[in-house]
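One structure is given here, and the rest of the page talks about it.
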């Protein structure tokens, strides 16, 4: 399945469009909120595995509904080496179907599900990770990248 096209701004107000990265592997990961425990764990696990992502020439984008300035603070605080994309209008989240009913303190709301998509160099989604576990997600994606690249 082709990945939905998108263009979003990163923490430096630089626009990133999916079409700009044709020919590269992309991990597009959606997360609920900057600088919260699970989101920080996930981002730092990817940061700590960055050399391996680079080995596969893979691009990583974190996407949330936070503002560009919030992303800038989060990225600087944890020295994240990859862009954080701001989807304040939630349009890209809708196109990837990562908005859903969640509950906190007994109240239901529509929130961002922690899901990721591995997109191959042809722009096709080759793996959809649902219910991502932040502490092991980077390792899981790298294992899949290795398998997919070794079978091409």
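The values are calculated or read from the model by the stated rules, or taken from the named source; none is laboratory data. Worth saying up front: this structure is predicted, and the values here are computed from it rather than measured. As a convention, Cβ positions derive from the backbone with ideal geometry for all residues, glycine included, and neighbour counts pool all protein chains shown.
Specify the residue that is surrounded by the fewest Cβ atoms within 10 Å (Cβ to Cβ); the eligible residues are those in the stretch 94-105 that are closer than 17 Å to residue 130 by Cβ and more than 15 Å from the chain's Cα centre (by Cα). Quick ask: steps written out before the conclusion?
Looking only at the stretch 94-105, we keep the residues that are closer than 17 Å to residue 130 by Cβ, and these are 94-102.
Applying the additional criterion that residues be more than 15 Å from the chain's Cα centre (by Cα) yields 100-102.
Values: 100: 12, 101: 9, 102: 13.
The qualifying residue surrounded by the fewest Cβ atoms within 10 Å (Cβ to Cβ) is 101.
Yes or no, residue by residue, for (1) touching a residue at least 24 places away in the same chain (Cβ under 8 Å); (2) within 14 Å of the chain's Cα centre (by Cα); (3) not in a helix (DSSP H, G or I):
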{"residue": "20", "(1), (2), (3)": "no, no, no"}
{"residue": "23", "(1), (2), (3)": "yes, no, yes"}
{"residue": "29", "(1), (2), (3)": "yes, yes, yes"}
{"residue": "35", "(1), (2), (3)": "yes, no, yes"}
{"residue": "39", "(1), (2), (3)": "yes, yes, no"}
{"residue": "46", "(1), (2), (3)": "yes, yes, no"}
{"residue": "53", "(1), (2), (3)": "yes, yes, no"}
{"residue": "71", "(1), (2), (3)": "yes, yes, no"}
{"residue": "81", "(1), (2), (3)": "yes, yes, yes"}
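Inside the stretch 113-141, can you point out the residues that are assigned to a strand (DSSP E or B) and under 12 Å from the mean Cα position of the chain (by Cα)?
Filtering the stretch 113-141 for residues assigned to a strand (DSSP E or B) gives 116-119, 124-129.
Across the stretch 113-141, the qualifying residues are 116, 117, 118, 119, 128, 129.
Only one residue in 76, 91 is surrounded by fewer than 18 Cβ atoms within 10 Å (Cβ to Cβ), more than 23 Å from residue 37 (Cα to Cα) and modelled with pLDDT of 95 or more, so which one is that? Can you show your working first?
On the way: 76 fails: more than 23 Å from residue 37 (Cα to Cα).
After applying the criteria, what remains is 91.
Quick test for you: out of 113, 127, pick the one residue that is surrounded by fewer than 18 Cβ atoms within 10 Å (Cβ to Cβ) and in contact with a strand residue (DSSP E or B) (Cβ under 9 Å, 6 or more places away or on another chain).
Working: 113 fails: surrounded by fewer than 18 Cβ atoms within 10 Å (Cβ to Cβ).
Exactly one of 113, 127 is surrounded by fewer than 18 Cβ atoms within 10 Å (Cβ to Cβ) and in contact with a strand residue (DSSP E or B) (Cβ under 9 Å, 6 or more places away or on another chain), namely 127.
Can you tell me which of (1) free of Cβ contacts under 8 Å to residues at least 24 places away in the same chain; (2) in a helix (DSSP H, G or I) is the one residue 144 doesn't meet?
The number of the failed condition is (1).
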